[in-house]
Amino acid sequence: NELPAINDYVDEEVRKDETSPLYGIAEDKNVIFITLESLQSFVINNDVNGEEVTPFLNSLIDDESTYYFENFYHQTEQGKTSDSEFLVENSLYPLSRGAVFFTHGQNDYHGLTEMLGEEGYYSAAFHANNKSFWNRDQMYDTLGVDHFYGEEAYEVNEENSVGWGLKDKPYFEQSIKYLQSMEEPFYSRFITLTNHFPFELSEEDRSIDKYDSGSNTLNHFFPTVRYMDEAVAQFFKQLKAAGLYEDSIIVLMGDHYGISENHNKAMSDYLDKDEITPYDHVQLQRVPMYIHIPGHEDGKVISKVTGQIDVKPTMLHLLGVSNENDIYFGNDMFIEDRKGYIGLRNGDFISDDYISARGVCYERETGEPVEQGENSEETINIAAGKSDDPCGPIEKQVETELELSDTIIYGDLFRFTDSQGVSVE
Ligand code: GP9
Ligand code: MN
């Protein structure tokens, strides 16, 4: 059992003494967590053909009850949406190959759902797709989700569906009745579907025109993003009308990229760049992250580097739940003393000052490759070991963390924990 050693690492490198100023601010509130399919940050506050792409999501950033994280990264791999769910739930990394939802769906975990359950929360997941997709039916059971509203909980017909299934607007609309009858406080998770590759949408559901480039995928992305934006706007209205808004905290998060690097040429057209460099590619892995707390009026845009690995500790702290005995690899996004980097599953990372992409170390602010061997004063300080490669030490640490997280998953090591934390027997 390697868990005690992993616990020591987490104690040394991840766990922080600092308490967030927002600790407990949402205690006993309902949680409405919305995963926004394939939404990337580059469309936020951006235009296409002279039209705003996401008017509602843009206005939500300016809302005084919203904290918006503008440098928040997805950390998913082949398990796509399910990897994002895994990260949020466990603050562990997904696997480098396959989907952990499939390969380790029967492990013991100590996820957000279970921890909130211990605090008296009722939990439910809403997703209008086949329940066994990504092995969700089994994994949700493992994670302790009380009820999974899958495709059969919805009225789905030809008229209200497109592409992958039920369109987002009827999906949210039909979900309200279930939320209204739910025991409180509840932890509810929503996963949208319409903004999924190949981004199909009928003419009458399109509020904006498609883009015009060499990539049909990118062209069609914009109208479906706008449709999803409108669906979320409508959901906020319905939550208010149903009396569910005031007593809830609403989190919105993009799950992963929608536009892969196969469309770099079209992306460079859209972003008005000569090319998409490995640095740009990493920056395109930013996804929107909103924490909206009705009644709280201190919201702002937060620029520090954050990622999906941080969601679990952040949520627990907002809800006033201690995680001092928990094993996790992220930090509360509201504290200052953070690990200082977000590791991607392929070993690339984003730190406060640098971005490492495909083995090249870039200045985060400028995107300029760091001159190796330059030995500037700043370089020496950050590398601590007086190396002239400021990315090197962080690269090693990211590698270590990925390995430790894998060790937990492959060894099913949370068998050796209980609510009191790690057991050494
Ligand atoms: C399927 C939906 C999309 O149920 O979550 O999955 P993805 O292909 O994005 O992982
Ligand atoms: Mn997805």
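The values are calculated or read from the model by the stated rules, or taken from the named source; none is laboratory data. What you see is a predicted model, and the numbers here were worked out from it, not measured in a lab. Backbone-built Cβ (ideal geometry, glycine too); neighbour counts: all protein chains shown.
Within segment 243-261, is even one residue within 16 Å of ligand 1 (Cβ to nearest atom), over 23 Å from Ala128 (Cα atoms), modelled with pLDDT of 95 or more and small (Gly, Ala, Ser)? Yes, there is a match, as at least one residue in segment 243-261 is within 16 Å of ligand 1 (Cβ to nearest atom), over 23 Å from Ala128 (Cα atoms), modelled with pLDDT of 95 or more and small (Gly, Ala, Ser).
Taken over segment 179-200, the criterion of being in a loop (DSSP other than H, G, I, E, B), out of contact with any Lys or Arg (no Cβ under 8 Å at 6 or more places or on another chain) and more than 16 Å from ligand 1 (Cβ to nearest atom) is satisfied by Ser181, Met182, Glu183, Glu184.
Do we find that Met253 is within 16 Å of ligand 2 (Cβ to nearest atom), in contact with a helix residue (DSSP H, G or I) (Cβ under 6 Å, 6 or more places away or on another chain), closer than 15 Å to Val43 by Cβ and hydrophobic (A, V, I, L, M, F, W, C) in this structure? When the stated conditions are applied, Met253 does not pass them. Scanning segment 92-129 for residues that are of a type outside the set (Asp, Glu), surrounded by fewer than 22 Cβ atoms within 10 Å (Cβ to Cβ) and over 21 Å from Val31 (Cα atoms) returns Ser96, Arg97, Gly98, Phe102, Thr103, His104, Gly105, Gln106, Asn107, Asn129.
The set of residues in segment 275-327 being part of a loop (DSSP other than H, G, I, E, B), over 18 Å from Thr66 (Cα atoms) and among the β-branched types (Val, Ile, Thr) consists of Ile276, Thr277, Val321, Ile327. Here is the figure for segment 104-144: residues that are free of Cβ contacts under 8 Å to residues at least 60 places away in the same chain and of a type in the set (Val, Ile, Thr) total 1. Kindly evaluate Ile335 against the criterion of being in a helix (DSSP H, G or I), modelled with pLDDT of 95 or more and surrounded by 17 or more Cβ atoms within 10 Å (Cβ to Cβ). So Ile335 does not fit the description; no.
Looking only at residues in segment 215-226 that are within 16 Å of ligand 1 (Cβ to nearest atom) and in contact (Cβ under 8 Å) with a residue 24 or more places away in the chain, the one that is nearest to the chain's Cα centre (by Cα) is Val225.
Looking at the structure I just gave you, is Val14 in contact (Cβ under 8 Å) with a residue 60 or more places away in the chain and touching a Lys or Arg at 6+ places or on another chain (Cβ under 7 Å)?
In short, yes.
Taking the criterion of being in a loop (DSSP other than H, G, I, E, B), among the charged types (D, E, K, R) and more than 16 Å from ligand 1 (Cβ to nearest atom), the residues of segment 16-47 that qualify are Lys16, Asp17, Glu18, Glu27, Asp28, Lys29. Residue pairs whose Cβ atoms lie under 7 Å apart, separated by 6 or more positions or on different chains, with the first residue in segment 249-274 and over 23 Å from Tyr67 (Cα atoms) and the second within 16 Å of ligand 2 (Cβ to nearest atom) and of a type in the set (Phe, Trp, Tyr), are Gly258/Phe197; Gly258/Phe221; Ile259/Phe221. Here Ser132, Ser161, Ser175 are screened, and the one residue that is among the hydroxyl-bearing types (Ser, Thr, Tyr), at pLDDT 95 or above and surrounded by fewer than 16 Cβ atoms within 10 Å (Cβ to Cβ) is Ser132. Among the residues making up segment 116-130, those that are within 19 Å of Met182 (Cβ to Cβ) and of a type outside the set (Gly, Ala, Ser) are Leu116, Glu118, Glu119, Tyr121, Tyr122, Phe126, His127. Scanning segment 163-176 turns up no residue that is within 14 Å of ligand 1 (Cβ to nearest atom), assigned to a helix (DSSP H, G or I) and without any contact (Cβ under 8 Å) to a residue 60 or more places away in the chain. The lone criterion from (1) over 20 Å from Gln75 (Cα atoms); (2) outside any loop (DSSP other than H, G, I, E, B) left unmet by Ile342 is number (1).
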